[in-house]
Amino acid sequence: MTIERDGLLMAEVNPFIKDAVVQFQTGALSLKQIEAIFNVLPFDIDFIDVNDRFKWFSNKPNREHARSTSQLQDTLQQLHPGTAAARAQAVIDSFKRGEKQHVEIPLNVDGKLIDINYYAVRDNKGEYLGTIEYTGTINHLKELIDQGAWKQDVTTGASKDGETDSSGKGDAVSGASRNEKAHSEKKSDATTGPSRLSMKDDRWIP
C-alpha cells in the first residue's frame, strides 16, 4: 500500500523492530536466541516480580509445573496451591529483607526427585527486582551416581573406590565434610511437605 505525502508516493510501513539484539556485559544475543535458549534449558523457569506477581515463564516442553499465559499477573496465592503459597511467600519475604539470596526445596514425589530453587534477582546496587524459580528433576543424575559415573577422578586418574578419608577434612568445592553432606541429603516427602526453613543451609527440611 502507498500513500501520498508532499506530492510523493511513499510505502506505508508500520513501525516494527527486526532482529533486535540485547547487549549484555558478557556478550550479545538476539531476542530469538534468548527465547530459544530459555525454551531448551532442561528445567522450568518462572519469574515473580517485585510486587509478587507472576510475569514470565519459560516455554519448555513437558514442564514439571504447567503454566499458561492466562496465569500471568497472578499473585503467589493464585499460582501456588495450598500450603505451597505460604512457603513461597516466606522465601520471597526473606529475599526482600536481604536475609537470603537462594533457597532450595528438594522433593520426592512418588520416586520422582524434584529440585526447586528460588533465587533473588537484584540490580547492581543490590535492589530487589524479583525472584527466579527453577524446577527440575534429578533422577538421571542419581542414576549416573549409582552407576559410578563420577568415581574416576580426572585430575589424578584414581578411582574413588580406593580412597579413604579419615581426616574429616571438608569437601574442596562446598567446604562441607562428607558426614555433613550425607546428613544434608535427607529426602523430603512431598505428601507431607517441608515444614520449616533451615537458616543454616538455605533448604526447607522436614
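Kindly report the accessible area of region 36-157 per residue (heavy atoms of protein chains, probe 1.4 Å, no ligands, DNA or RNA), in Å².
58
Summing Lys, Arg as +1 and Asp, Glu as -1, what charge do residues with Cβ under 14 Å from the Cβ of E64 carry, E64 excluded?
On the way: positive: K60, R63, R67, K112; negative: D44, D46, D110, D115, E133.
Net local charge, E64 excluded: -1.
To the nearest 20 debye, what charge dipole does region 40-85 have about its Cα centre, counting +1 at the Cβ of each Lys and Arg and -1 at the Cβ of each Asp and Glu?
Values: 5 positive and 6 negative charges, 26 e Å.
Using only the charged Cβ atoms, the result is roughly 120 debye.
A 32 angstrom limit on the alpha carbon distance is what I want to check against. Which of K60/K96; K60/K100; K55/K151; K55/K112 exceed it?
K55/K151
Just to make sure I understand: if all protein chains stay in place, what is the order of F57, F38 by accessible area at 1.4 Å, largest first? Don't jump to the answer; show the numbers that get you there.
Working: F57 30, F38 70 Å².
Ranking F57, F38 by accessible area, largest first, yields F38, F57.
Show me the three semi-axes of the equivalent ellipsoid for region 59-100, from the C-alpha gyration tensor (sqrt of 5 times each eigenvalue), largest first, rounded to whole Å. Display every interim value, and only then the final one.
Working: eigenvalues 102, 29, 23 Å².
Over the Cα atoms of region 59-100, the ellipsoid semi-axes are 23, 12, 11 Å.
So, R0 is 30 Å and r is the distance between the beta-carbons of E35 and K151; what FRET efficiency does that work out to, to 0.05? It would help to have the intermediate numbers written out before the result.
On the way: r = 39 Å, r/R0 = 1.29.
Here the calculated transfer efficiency is 0.20.
The values are calculated or read from the model by the stated rules, or taken from the named source; none is laboratory data. Note that the coordinates shown come from a computational prediction; the quantities given were computed from them, not determined experimentally. Glycine also receives a Cβ, built like all others from the backbone with ideal geometry; neighbour counts cover every protein chain displayed. To get the accessible areas, we keep the full protein, side chains included, count just its heavy atoms, and leave off ligands, DNA and RNA. Shrake-Rupley method; radii C 1.70, N 1.55, O 1.52, S 1.80 Å.
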